[in-house]
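**Q** This is the structure I want to talk about, given as C-alpha cells.
What follows is calculated from the coordinates using simple rules that are stated; it is not laboratory data. Remember, it's a predicted structure, so these values are computed and weren't measured experimentally. Using ideal geometry, Cβ is built from the backbone for each residue, glycine included, and neighbour counts are taken over all protein chains shown.
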Amino acid sequence: MAFLVALALAIFVLPSPWGIVAVAAGGVVEVAEATFLWRLSHRRPPAVGVEALVGAEGIAATSCRPLGQVRVRGELWQARCAEGVGAGEAVRVAAVQGLVLVVEAA
C-alpha cells in the first residue's frame with residue numbers, strides 16, 4: 001500500500017527528484033513489511049498434523065503390552081509400547097509410525 005501511495009504522489013503531486021525518492025521509500029517500506037510479516041508467521045513449527053504429537057503426553061486407555069490404545073490431546077490412538085504400560089498410566093509419544101503412536105512411560 002505504501003508503494004502505491006508513493007507512486008501516486010510521484011505522478012500527481014511531487015516534483016521530479018522527490019517523486020523518485022518517494023517511490024524508493026515506498027518500495028523499502030513494502031519490502032520491510034513483507035519481511036517482518038513472513039518472519040512473524042514462520043517463527044515456530046506448525047502445531048497440526050500427526051508429527052506434532054511427538055513429545056505429547058497422554059493416558060493409556062487400555063493396557064499396552066505391546067499393542068493398545070492411548071488418549072492423547074482428547075483423541076484415541078492405536079499405540080505400541082516396548083516396555084508395556086498399564087491402563088490409566090501416563091505415557092509420552094516417542095515416535096509416529098503411520099497412524100500408530102510409539103509410546104513410552106512418562
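**Q** Contact order normalised by length for the chain, with contacts defined as Cα pairs under 8 Å and 6 or more residues apart; what percent is it?
**A** Averaging sequence separation for qualifying contacts and normalising by length gives 18 percent for the chain.
**Q** Against the longest principal axis of the chain, how steep is helix 2-12, in degrees 0 to 90 to the nearest 10, with axes from Cα atoms?
**A** For helix 2-12, the angle is close to 10 degrees.
**Q** Something else now. Around residue 69, which amide H atoms from residues at least 5 apart in sequence, or from another chain, sit under 5 Å from its own amide H, with H modelled in the peptide plane?
**A** 61, 62, 79
**Q** Please list 3J(HN,Hα) in residue order for region 55-69, calculated via the Karplus relation 6.51 cos²θ - 1.76 cosθ + 1.60 where θ = phi - 60°; whole Hz, with x for glycine and proline.
**A** Couplings: x, 6, 9, x, 10, 6, 7, 10, 5, 10, 9, x, 10, x, 10 Hz.
**Q** Additional query: For helix 16-41, report the angle its Cα long axis makes with the longest principal axis of the Cα atoms of the chain; keep it between 0 and 90° and round to the nearest 10°.
**A** Compared with the principal axis, the helix lies near 0 degrees.
**Q** Tell me, 65, 44, 92 in order of fewest to most beta-carbon neighbours within 10 Å?
**A** Listed from fewest to most nearby Cβ atoms, that is 44, 65, 92.
**Q** Considering just Cα atoms, how many Å³ per residue does the convex hull of region 1-73 enclose? Write out the running numbers ahead of the final one.
**A** Numbers: hull volume 6.6 nm³, N = 73.
It comes to 90 Å³ per residue, whole-number rounded.
**Q** Starting with the fewest neighbours, write out 77, 38 ranked by other beta-carbon atoms found within 10 Å of each beta-carbon.
**A** Ranking 77, 38 by Cβ neighbours within 10 Å, fewest first, gives 38, 77.
**Q** While we're on this one: As a test, work out the antiparallel percent of DSSP beta bridges whose residues both lie in the chain, rounded to the nearest 5.
**A** For the chain, the DSSP antiparallel bridge percentage is about 85.
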